[in-house]
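The values are calculated or read from the model by the stated rules, or taken from the named source; none is laboratory data. Quantities reported herein were computed from a predicted structural model and do not represent experimental measurements. Cβ placement follows ideal geometry from the backbone for every residue including glycine, while neighbour counts extend to all protein chains displayed. Just the protein is used for accessible areas: all its heavy atoms, side chains included, with ligands, DNA and RNA removed. Shrake-Rupley method; radii C 1.70, N 1.55, O 1.52, S 1.80 Å.
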Amino acid sequence: MTDFQHLALKLATTQRSPDWLKDLRERGATSWSSAKWPTRKTENWKYTPLAPLQSAAPARWASTAGNDWQNDIELMDLDATRLVFVNGQFSAEQSTALPAGVVRFADANADQRLLIEQKLGTVVDAERHLFAALSNAWANDGILIHVARGQSLAKPVYLLNVSTPEAEPAVSNQRVLIILEDGSHAEVIEHYVSADSEQNGFVNSLTEVVVGNNAKIEHYRVNLEQEDLLHVGGVHVNLHRDARFHGFTLAQGSRLKRIDYQVNHRGEGAHLELHGVYLPRNKQLIDYHTNVEHCVPHCTTNEVFRGIIGDSAKAVFNGRIHIHPKAQKTLAELSNKNLLTSPTAEIYTKPELEIYADDVRCAHGATISQLNETSLFYLQSRGVTRAEAISMLSFGFINELLNQVPQQAVQDYLRPRLTTLFGKGSELVGQLAYE
Amino acid sequence: MLSIKGLCAKVEEKDILKGLDIVVRPGEIHAIMGPNGSGKSTLGNVLSGRPGYEATAGSVTFKGQDLLALDTEERAREGIFLAFQYPVEIPGVSNMEFLKASVDAMRKHAGLPGLSSVEFMKLARETSKRVDLDVAFLKRGVNEGFSGGEKKRNEIMQMMLLEPTLCILDETDSGLDIDALQVVANGVNSMRDGNRSFIVVTHYQRLLDYIVPDYVHVLAGGRIVKSGDKSLALELEAKGYGWLEDEVA
């Protein structure tokens, strides 16, 4: 075991966790301690060194930092059920009343506990996802979103996770379990954010989603933590018959930000729509690993990821779609486009289609390019400066995906933040309100 | 207004323009015709400063300035407008935002205050009506999924909004049906004010029925081989370009 593995296990022993999570924690601890620590030769972590985690080994749990962050951080403007966590600690003061079916693990009733016990850790395969094993070992508090058969949550659930700097490096563990019974619907927004000031924490986050027959979810995961916060997270989804998962994710910042999406088509007629954006700059690293398993016939996947990598930043995109022999009539598309805006920026992209069925329609592609010169000339020939044209085109490249985000509040929150990111010219776009 | 003398230009190491002379005075319409590969589109691209189109000799004076010394955007701000033969699609940037950025840039250069969003949208809507382009196109990505005719109308709309001094229409008529051709021609004619000048690059005489030129030039082998009035266009339509090439040779 590495030092970090030791430390992490030691941290688990300091938690006061409920008995009914004991099994899962023990299993997690076993997987975690027996796991081989990833190196450059580990395929899944080839381009993403975990050195920052080792060097800044967090030795304690983050504490609740109060409400100091409120001047620095703006919330999304939407009418939602809001749960706020500061450094992994629940803030009742900042949160709204919870509707039936949305509950902290700590407040779960007997039925809900049973449900959590039965489902938590079953969507994710902790043997294949190292940090899911850690999340299991650390399983303690979390959020359960359970929507009963045929029901729809009246409001979106907005999970705001704020990180604030601590005197010493600290960790937080965030766990979300979403269970949609047949024919139900929910909208969940996971928003990870930190103040601009120097961060030194490590966040391990894990979301598991079960989408029942004919159920539907719009799911957002927005990771906007600043420079020094390390984040490893995953979203793991099981889709049953005619289920629909519409996902959007955007990541920015951090020396180490790794997010996995694992989606399993378990029932016929399921559809996955997954759009993602990554925008590392300076010396940041963002790594998205996605894996979609088509286990049954007649399912569809449309996956689109785009990145703009600047300065000396690095991005990794690994998108795998695995079509099992039984998964006939699958329609799957995977597209990954990247813009490099600096000669020292790096992208490692690997779209993988593994097809073992013979009657399917699949396509995948990845591109890496600079901005289109003809488009730049077109804008300049209309009087726009080259610098502004570059900003406009960069923003447009991402805005194309933003325009397709179903939740307007997410669009409205992200657009002005992206325009500041892309500089002067982009302020010209994205801000015209239409009647 | 525009004086081109002995202009030579190359594209990707290939000499295309080989000593071209044209003088355009305020208010004039010049048509440039010529066979494929004669350098017609190159002329528009060189004048508007497209990267890769390099002037190697000669001079271009525009409103008393050395045009070739200016950056692309400076030329635009000074009043050069190129209506593209193949307008570019830019998804993710709405047509409205693109147009406002352009108009703002022009106004700033002219020392005028920027338009408010409300003022601009009113202007954009009125202008889109003039070219018979549904206002819905303003909200879409720039030229995104526009038909050929819609793209060309969008070009003319930009021309109207930017109010350039010299408009260069690069085969704006190609791919247009008769109705769209008339819209484009009406747009151009409505912008004639005695000062604004036009260079109309075209393959076909048809456009010149609607936009009546003061001069017609035939470009062949990178030079103007013949100039005349509008009757020259009719002659070309009847006889083709072969006889001119023979004449020059």
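Inside the range A:107-159, residues that are touching a helix residue (DSSP H, G or I) at 6+ places or on another chain (Cβ under 8 Å) and among the charged types (D, E, K, R) make up a count of 5. Within the range B:171-218, how many residues are of a type in the set (S, T, N, Q), over 18 Å from B:ASN154 (Cα atoms) and surrounded by fewer than 20 Cβ atoms within 10 Å (Cβ to Cβ)? Total meeting the criteria: 2.
Only one of the numbered conditions (1) in contact (Cβ under 8 Å) with a residue 12 or more places away in the chain; (2) surrounded by fewer than 19 Cβ atoms within 10 Å (Cβ to Cβ); (3) of a type in the set (S, T, N, Q) is not met by B:THR127, and that is (2).
Going by what's in this entry, would A:GLY66 be described as at pLDDT 95 or above and small (Gly, Ala, Ser)? Here the answer is no, as A:GLY66 does not meet what is asked. Evaluation of A:ALA357 against the conditions (1) open to solvent by 40 Å² or more (accessible area, probe 1.4 Å); (2) touching a residue at least 24 places away in the same chain (Cβ under 8 Å) shows that the sole unmet condition is (1). Scanning for something farther than 23 Å from A:ASN372 by Cα, open to solvent by less than 60 Å² (accessible area, probe 1.4 Å) and either part of a loop (DSSP other than H, G, I, E, B) or not β-branched (Val, Ile, Thr) (or both), does the range B:41-55 turn up at least one residue? Scanning the range B:41-55 turns up no residue that is farther than 23 Å from A:ASN372 by Cα, open to solvent by less than 60 Å² (accessible area, probe 1.4 Å) and either part of a loop (DSSP other than H, G, I, E, B) or not β-branched (Val, Ile, Thr) (or both).
One residue stands out in the range A:228-244 among those that are open to solvent by 10 Å² or more (accessible area, probe 1.4 Å) and in a loop (DSSP other than H, G, I, E, B): the one that is nearest to A:LEU285 (Cα to Cα), namely A:ASP228. Of the residues in the range B:80-101, none is more than 10 Å from chain A (Cβ to nearest Cβ) and farther than 24 Å from B:GLU144 by Cα.
Every condition in (1) modelled with pLDDT under 95; (2) touching an Asp or Glu at 6+ places or on another chain (Cβ under 7 Å) holds for A:GLY310 except the one numbered (2).
Screening A:ALA345 on (1) open to solvent by 30 Å² or more (accessible area, probe 1.4 Å); (2) among the hydrophobic types (A, V, I, L, M, F, W, C); (3) away from chain B (no Cβ under 14 Å) shows it passes everything except condition (1).
I'd like to check something: does the range A:96-119 contain any residue that is touching a Lys or Arg at 6+ places or on another chain (Cβ under 7 Å), surrounded by fewer than 19 Cβ atoms within 10 Å (Cβ to Cβ), free of Cβ contacts under 8 Å to residues at least 60 places away in the same chain and more than 24 Å from A:HIS240 (Cβ to Cβ)? Yes, the range A:96-119 has at least one match.
Taking every residue in the range A:364-388 that is at the interface with chain B (Cβ under 7 Å from one of its Cβ atoms) and pairing it with any residue that is of a type in the set (A, V, I, L, M, F, W, C) and surrounded by fewer than 19 Cβ atoms within 10 Å (Cβ to Cβ), at least 6 positions away or on another chain, the pairs with Cβ-Cβ distances below 9 Å are A:THR374/B:VAL88; A:SER375/B:VAL88; A:PHE377/B:VAL88; A:TYR378/B:VAL88.
Screening the candidates B:ILE156, B:ILE168 for the property of being buried (at least 23 other Cβ atoms within 10 Å of the Cβ) and within 12 Å of another protein chain (Cβ to nearest Cβ) yields one hit, B:ILE168. Checking each residue in the range A:245-294 for being part of a strand (DSSP E or B), open to solvent by less than 10 Å² (accessible area, probe 1.4 Å) and of a type in the set (S, T, N, Q) picks out A:THR249, A:THR290.
Is it true that some residue in the range A:139-159 is of a type in the set (S, T, N, Q) and either within 19 Å of the chain's Cα centre (by Cα) or open to solvent by less than 10 Å² (accessible area, probe 1.4 Å) (or both)? No, the conditions are met nowhere in the range A:139-159. Against the list (1) within 12 Å of chain B (Cβ to nearest Cβ); (2) modelled with pLDDT of 90 or more; (3) open to solvent by less than 10 Å² (accessible area, probe 1.4 Å); (4) in a helix (DSSP H, G or I), the condition A:SER426 fails is (2). Applying the set (1) part of a loop (DSSP other than H, G, I, E, B); (2) touching a Leu at 6+ places or on another chain (Cβ under 7 Å) to A:TYR158 leaves exactly one unmet item: (1). Is it true that B:MET121 is closer than 18 Å to A:GLU388 by Cβ and within 14 Å of chain A (Cβ to nearest Cβ)? Spelling it out, it is not the case that B:MET121 is closer than 18 Å to A:GLU388 by Cβ and within 14 Å of chain A (Cβ to nearest Cβ). A count restricted to the range A:257-311 and to residues that are among the small types (Gly, Ala, Ser) and under 27 Å from A:VAL210 (Cβ atoms) stands at 4. Those helices (runs of 4 or more DSSP H) of the range A:1-116 in which 3 or more residues are within 22 Å of A:ALA167 (Cβ to Cβ) occupy A:3-13, A:51-55.
Please determine, by comparing only the residues of the range B:100-116 that are open to solvent by less than 60 Å² (accessible area, probe 1.4 Å) and assigned to a loop (DSSP other than H, G, I, E, B), which one is modelled with the lowest pLDDT. Filtering first and then ranking leaves B:GLY114. For the range A:246-265, does any single residue satisfy the condition of being among the hydroxyl-bearing types (Ser, Thr, Tyr) and not assigned by TED's automatic domain parsing to the domain that holds A:ILE178? There is no residue in the range A:246-265 that is among the hydroxyl-bearing types (Ser, Thr, Tyr) and not assigned by TED's automatic domain parsing to the domain that holds A:ILE178.
The selection criterion, being assigned to a strand (DSSP E or B) and touching a Lys or Arg at 6+ places or on another chain (Cβ under 7 Å), does not hold for A:VAL203.
Working only within the range B:56-83, note down all residues that are in a loop (DSSP other than H, G, I, E, B) and open to solvent by less than 10 Å² (accessible area, probe 1.4 Å). B:GLY79, the sole residue that qualifies.
Every condition in (1) more than 20 Å from A:GLY142 (Cα to Cα); (2) at pLDDT below 95 is met by A:GLY267 except one, and the failing one is (2). Residue pairs whose Cβ atoms lie under 7 Å apart, separated by 6 or more positions or on different chains, with the first residue in the range A:30-56 and at pLDDT below 90 and the second assigned to a helix (DSSP H, G or I), are A:LEU53/A:PHE4; A:GLN54/A:ASP3; A:GLN54/A:PHE4.
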